[in-house]
Amino acid sequence: MSVLDETYQVIVVGAGHAGCEAALASARMGLKTIMFTVSMDSVAFMPCNPHIGGSSKGHLVREIDALGGEMAKNIDKTFLQSKMLNVSKGPAVHSLRCQADKLQYSLEMRKVLQHTDNLTLRQAEVSELLIEDHKIFGVKTVSGATYHGDAVVLCTGTYLKARCLYGDVIEYNGPNGLKAANHLSQSLLDNGVELFRFKTGTPARIDGNTIDYSKMTEQFGDANIVPFSFTTDPKSIQKPQVSCYLTYTNEKTHQIIMDHLDESPIYAGVIEGTGPRYCPSLEDKVVKFSDKKRHQLFVEPEGLSTNEMYISGASSSMPEAVQHAFYHTIPGLEHAQIVRNAYAIEYDCINSEQLTHALGFKEIRGLYSGGQFNGSSGYEEAACQGLIAGINAALYVKGEEPLVLNRADGYIGVLIDDLVTKELTEPYRMMTSRSEYRLLLRQDNADLRLTPYGYRVGLIDEERYAFVQKKQKMIDDEIARVKKVFVSGNDHTQDLLRAFDSIGVNSGASLEELIRRPELSYDKLAPLDPNRPNLEEGIREQVDIQIKYEGYIARQKKQVEHFQKIENKRIPASIDYDDVPSLRIEARQKLKKIRPENMGQASRILGVSPADLSVLLVYLDSGKYLHKEEKFES
Amino acid sequence: MFELDTIAAPATPLSPAGIGIIRISGPEAVINTDKIFCGKVTLAEAKTHTIHYGKIMDGDEIVDEVLVSVMRGPHSYTGEDVTEINCHGGVLVMKKVLSLVYSLGIRPAEPGEFTKRAFLNGRLDLSQAASVMEVIEADSEAALKNSMKHLKGSFSHEIKGIRDMILHETAYIEAALDDPEHYELGTYGDKLKEKLQPVISRLQNLSLSYREGSLIHNGIRTAIVGRPNVGKSSLLNFLSRQERAIVSNIPGTTRDTLEESVRLGDLTLHLIDTAGIRRTDDTIEKIGVDRALASIDEADLILFLLDSSRSLSEDDIKLYHQVQDKQVVLLCNKSDLEFHRDIEEFCRSVNCPVVYFSTKTGEGKDELMDVITNLFFHGALAGAEDFYVSSERDKLELESASHSLELVCGSVDAGMTEDFFSIDLMDAYTSLGRILGEAVDEDLVNRIFADFCMGK
Ligand SMILES: Cc1cc2nc3c(=O)[nH]c(=O)nc-3n(C[C@H](O)[C@H](O)[C@H](O)COP(=O)(O)OP(=O)(O)OC[C@H]3O[C@@H](n4cnc5c(N)ncnc54)[C@H](O)[C@@H]3O)c2cc1C
């Protein structure tokens, strides 16, 4: 039988959020790229919640954009509602979230892929990795076709050996009835890759025509829509928005769940995978927080071309009949018709400790991976990893240094560092509390922080890079100017301060001092600052934040300095942990497995105690190690 | 794999009573003890955590009758195989046993090495380990009591409690930031401040007690000052006749200035530059005075001596002026001779405590103890309700934790939003964690999920 045999430079397996970013990055960096998907109809498909962004995830989307990724641009084209979360809090935790039109999102992304040079899309299931001497040279599909490539990026999401469960029903397919990918896991195991089995779940989709919205609270979008992408003109996206609705479960709902708990595959012990704590099923919430009399549910539109509504907060793997019963106890859903029922899904993913910070496999050269396959969860988490994995696969083929972001560079750095240094016990989700330096890593300054990296790897063009540099300079200049402005205590000043409920300044005050008052801001004080240049909003915002929070920002910068110091303390790659005396067994095993590149990474490995670190430091400093090196060389 | 060698040292001071324990720890502890032990069983076959009666033999010669306990790792104090020889035959015999042990190729332990191994083997946390080191080095009973408390973990326990509260509050803030549509913060800042204030003063008190802890632990550095021939050497002799400070003979823990540490009840006085002071009683007065003056700078306490049988001299007054800014106790050396009125007047005029003291009868000794206790420990010595922080490291971490919590209160007052609080809350959490030797790891994230219902 004749079989297909083709050659590319980079092969991407998967067309989910991770795969799309990986393939686009690689192709845009000039490499001949092919991407595979089990189904062409599920490109950039959202199998769960119909929104992008939210607390800390919004940061990831902005960072993806600054590096030259696609997610932010795509959601700007296809959102139904936009909201900046936490606006009453500090700027570090402001976070943008958009409701997406799922189908449009998928179609727009497919259009972008299809219009990208160097990129081929193919519907085929990849079944085998071609590896020799710890080096990958291609993949095989179920049809027997061989694709040669210098680098491969795996972004298989929730498809590997997937099975969907509700009640006692088990369906051996991927999300949303799509085909599962059942062969690749074995090939991974054959090549020594360690696999985990994780699970997650999704709530029911309900026919909007059967919902009584009058019993729910309508949730509107923001009046002023802020785009996700730094390149989108805000004026171009102001439009009428679609609402979400808020309702609650009640004791009746909880009673039904308790009565049927033994019918849930999780509580019956059928599910093998480990589920995430941050999106618990309604069953989990009712059991674990039994003192809570009700739980919030958000009813969100799936898109303009369907009347299906997504019931956020009510994922479940109860039998169909129980689902019908408990959804009907919820105000507004008494007569609801379920279109697609809730279910849990189990799938294979890897132990991400096998990866480097560049998202390449430590033991298999040329093999990279991103997304749910790496043990994370969420569209944004997937997309940013796909982007980094794709960039590094391309850099590898080009023979260039990898792009590695650290915890002080951005949320992406935090996410990847967590993934590769901490053994996961559940799907990993980004959270704002995971980021130590969040006052510096804001969504509003992602462009200033990361555009230079995007430029370096070739995903950001000259013009955009120059624009960001100019923006930075204008911010710096304006801050310097503001610091010299003194506001006199005349009537004009007192009137303005009074208007904002701010205490008067009889003998005047520096403008800087006034900006620091919580009730005032750079913009509000414009009338007292006649020589102010005319600056656009993005610049004014930075000036305001950097002056207002200067003390805190300075403190975090100091912490970052300290962090960098430990991070710069390198651990030689050839270290033999068996030679280090007094390491505890657990620490020794962990260090041998993860092989951290520096003391900072070592300090974040679970199971490595401060005492182990001192022991390691003493060993590295004692010169014993060097001595061994010399002997080794001679 | 790298093996630690086997070490040995007395686990108790070589006391004249003659009962003492020699501890041996390491991979060859049991085999080696067997080489000198003769009992019903061989120790190599003995179960862990058992005690055996037998004799220590040097060839054919019986050295001592002993009890030997066998504890195998990892459930021993150091986490390694350990034997302990309980000797009964007095100091000389114990020394003999010890030299026998060393002759087997077992290395004398460095000070604190057992504890270091226990710590490295994960048997103790950092705070417990530091406190064991203090037990080893403790000079007086008060210090010992304090160390025991620390060891049992009442300090660790309290710090853990404070950390727990900080983590819970941070988790609440973070849950609300992560899931703003589920958790409202409202006027959380004021509530938080109310909760933090008592914690801040507690942490500050703990760190202030470092000075007291250090005075108990290291002894009060004391200089005896006075013009020549006022009786400094008889005071010194008197103090030296008192109970000696317990100084363990574990190699390396012995103080250089052994003869100068004296105990006065529960207090340890560390007499500084005694040599110099002694010489002042010799003829070369000038040198003596100079030396005494030099020692003043380093002293926590000045015992200023006057001879009440002689009238006050210019020198007395001059000398007093030089020390009056320090913590001074005026000691009037009582003699059977007549009491000079100008001395009495002088005593009334100074604003430091005065104690009439007789080195002959010991009269005034209790009063002196009380006065010193009052001066340095606010009247009550360690033990009662409170305990002291006695390591510089703990003190600094306590200070930085309370500073961080003050910054949180500052942020509340400045009207900052809640997300700013958690930066400093977590700093405080980390500082306190360092006292316990605990890293932060995933604590916060785990806590958010444990305490708050998150997610869609
Ligand atoms: C039921 C369900 C519930 C979820 N719930 C949540 C949630 O509550 N919160 C949350 O944050 N996230 C949730 N998610 C996860 C979210 O969907 C993913 O995080 C995100 O889509 C992952 O993106 P990805 O690119 O890694 O993988 P996916 O979007 O899954 O894409 C995988 C791609 O790989 C392709 N593929 C797989 N194997 C092969 C192969 N062998 N050959 C060729 N192509 C292959 C597929 O065709 C697909 O295009 C849920 C997912 C599901 C299915």
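The values are calculated or read from the model by the stated rules, or taken from the named source; none is laboratory data. Computed from a predicted model, the values in this text were never measured in an experiment. Here the Cβ positions follow ideal geometry from the backbone for every residue, glycine too, while neighbour counts run over all protein chains shown.
For region A:459-495, what are the residues that are among the small types (Gly, Ala, Ser) and either outside any helix (DSSP H, G or I) or within 30 Å of A:Glu21 (Cα to Cα) (or both)? Those that are among the small types (Gly, Ala, Ser) and either outside any helix (DSSP H, G or I) or within 30 Å of A:Glu21 (Cα to Cα) (or both): A:Ala466, A:Ser488, A:Gly489. Filtered by the rule that a residue be hydroxyl-bearing (Ser, Thr, Tyr) and crowded, with 21+ Cβ neighbours inside 10 Å, region A:159-173 gives A:Tyr159, A:Tyr166. Applying the condition of being within 18 Å of A:Thr247 (Cβ to Cβ), within 16 Å of the ligand (Cβ to nearest atom) and not aliphatic (A, V, I, L, M) to region A:314-344 and asking which residue is nearest to the other protein chains (Cβ to nearest Cβ) yields A:Ser315.
Scanning region A:135-158 for residues that are more than 11 Å from the ligand (Cβ to nearest atom) and either within 14 Å of chain B (Cβ to nearest Cβ) or assigned to a loop (DSSP other than H, G, I, E, B) (or both) returns A:Ser143, A:Gly144, A:Ala145, A:Gly149, A:Asp150. Of the residues making up region A:435-450, those that are assigned to a loop (DSSP other than H, G, I, E, B) and of a type in the set (D, E, K, R) are A:Glu436, A:Arg438, A:Arg442.
The residue list A:Ala587, A:Ala554, A:Ala602 contains one member that is hydrophobic (A, V, I, L, M, F, W, C), within 14 Å of chain B (Cβ to nearest Cβ) and under 30 Å from A:His94 (Cα atoms), which is A:Ala554.
Of the residues making up region A:15-44, those that are small (Gly, Ala, Ser) and under 10 Å from A:Leu121 (Cα atoms) are A:Ala15, A:Ala23. Residues that are assigned to a strand (DSSP E or B) and either within 14 Å of chain B (Cβ to nearest Cβ) or free of Cβ contacts under 8 Å to residues at least 60 places away in the same chain (or both) were ranked within region A:345-386; the one that is farthest from the ligand (Cβ to nearest atom) is A:Gly360. If the condition is being small (Gly, Ala, Ser) and within 14 Å of another protein chain (Cβ to nearest Cβ), then region A:266-278 contributes only A:Gly275. Residue count for region A:403-443 satisfying the condition of being more than 16 Å from the ligand (Cβ to nearest atom) and either farther than 26 Å from A:Thr231 by Cα or within 14 Å of chain B (Cβ to nearest Cβ) (or both): 18.
Note on region A:172-183: residues that are assigned to a loop (DSSP other than H, G, I, E, B) and either near the ligand (Cβ under 9 Å from one of its atoms) or in contact (Cβ under 8 Å) with a residue 24 or more places away in the chain (or both) total 6. Each residue in region B:400-423 was checked for being of a type in the set (A, V, I, L, M) and either within 11 Å of chain A (Cβ to nearest Cβ) or touching a Gly at 6+ places or on another chain (Cβ under 6 Å) (or both), and 5 pass.
So which residues in region A:39-50 are touching a strand residue (DSSP E or B) at 6+ places or on another chain (Cβ under 7 Å) and either of a type in the set (Phe, Trp, Tyr) or within 14 Å of another protein chain (Cβ to nearest Cβ) (or both), if there are any at all? If the condition is that a residue be touching a strand residue (DSSP E or B) at 6+ places or on another chain (Cβ under 7 Å) and either of a type in the set (Phe, Trp, Tyr) or within 14 Å of another protein chain (Cβ to nearest Cβ) (or both), then A:Met46, A:Pro47, A:Cys48, A:Asn49, A:Pro50 are the ones that fit.
Condition check ((1) within 16 Å of A:Asn49 (Cβ to Cβ); (2) within 24 Å of the chain's Cα centre (by Cα); (3) away from the ligand (no atom under 16 Å from the Cβ); (4) in contact (Cβ under 8 Å) with a residue 40 or more places away in the chain) across all residues:
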site	(1), (2), (3), (4)
A:Gly192	no, no, yes, yes
A:Asp207	no, no, yes, yes
A:Thr210	no, no, yes, yes
A:Glu218	no, no, yes, no
A:Thr232	no, yes, yes, yes
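Each row is one residue, and each column tells you yes or no for (1) assigned to a helix (DSSP H, G or I); (2) in contact with a Lys or Arg (Cβ under 9 Å, 6 or more places away or on another chain); (3) among the aromatic types (Phe, Trp, Tyr); (4) more than 30 Å from A:Val87 (Cβ to Cβ).
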position: A:Ile170; (1), (2), (3), (4): no, yes, no, yes
position: A:Ser185; (1), (2), (3), (4): yes, yes, no, yes
position: A:Val193; (1), (2), (3), (4): no, no, no, yes
position: A:Arg197; (1), (2), (3), (4): no, yes, no, yes
position: A:Asn209; (1), (2), (3), (4): yes, no, no, yes
position: A:Asp222; (1), (2), (3), (4): no, yes, no, no
position: A:Phe228; (1), (2), (3), (4): no, yes, yes, no
position: A:Lys239; (1), (2), (3), (4): no, no, no, no
position: A:Lys252; (1), (2), (3), (4): yes, no, no, yes
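For region A:403-424, enumerate the residues that are over 20 Å from A:Ala602 (Cβ atoms) and more than 12 Å from the chain's Cα centre (by Cα). Residue satisfying the conditions is A:Leu403 alone.
Filtering region A:29-50 to residues that are closer than 28 Å to A:Val457 by Cα and within 9 Å of the ligand (Cβ to nearest atom) leaves A:Met35, A:Phe36, A:Thr37, A:Val43, A:Ala44, A:Phe45.
Among the candidates B:Leu126, B:Leu151, the residue that is within 11 Å of chain A (Cβ to nearest Cβ) and modelled with pLDDT under 70 is uniquely B:Leu126. Restricting attention to region A:254-269, which residues are closer than 18 Å to A:Pro203 by Cβ and not in a loop (DSSP other than H, G, I, E, B)? A:His254, A:Ile256, A:Ile257, A:Leu261, A:Glu263, listed by residue number. Highlighted here are the strands (runs of 3 or more DSSP E) found entirely within region A:51-134 that include at least 2 residues which are within 14 Å of chain B (Cβ to nearest Cβ) and more than 13 Å from the ligand (Cβ to nearest atom): A:79-85, A:95-100. The residue list A:Glu263, A:Glu251 contains one member that is in contact (Cβ under 8 Å) with a residue 40 or more places away in the chain, more than 24 Å from A:Cys48 (Cα to Cα), away from chain B (no Cβ under 14 Å) and acidic (Asp, Glu), which is A:Glu251. Only helices (runs of 4 or more DSSP H) whose full extent lies in region B:254-328 are considered here, and the ones with at least 1 residues that are among the hydroxyl-bearing types (Ser, Thr, Tyr) and at pLDDT below 80 are B:274-280, B:285-298. Count, please, the residues in region B:302-318 that happen to be over 20 Å from B:Leu368 (Cβ atoms) and surrounded by 14 or more Cβ atoms within 10 Å (Cβ to Cβ). Residues flagged as over 20 Å from B:Leu368 (Cβ atoms) and surrounded by 14 or more Cβ atoms within 10 Å (Cβ to Cβ) within region B:302-318 amount to 4. Residues in region A:234-247 that are more than 14 Å from chain B (Cβ to nearest Cβ) and touching a residue at least 60 places away in the same chain (Cβ under 8 Å): A:Ile237, A:Gln241, A:Val242, A:Ser243.
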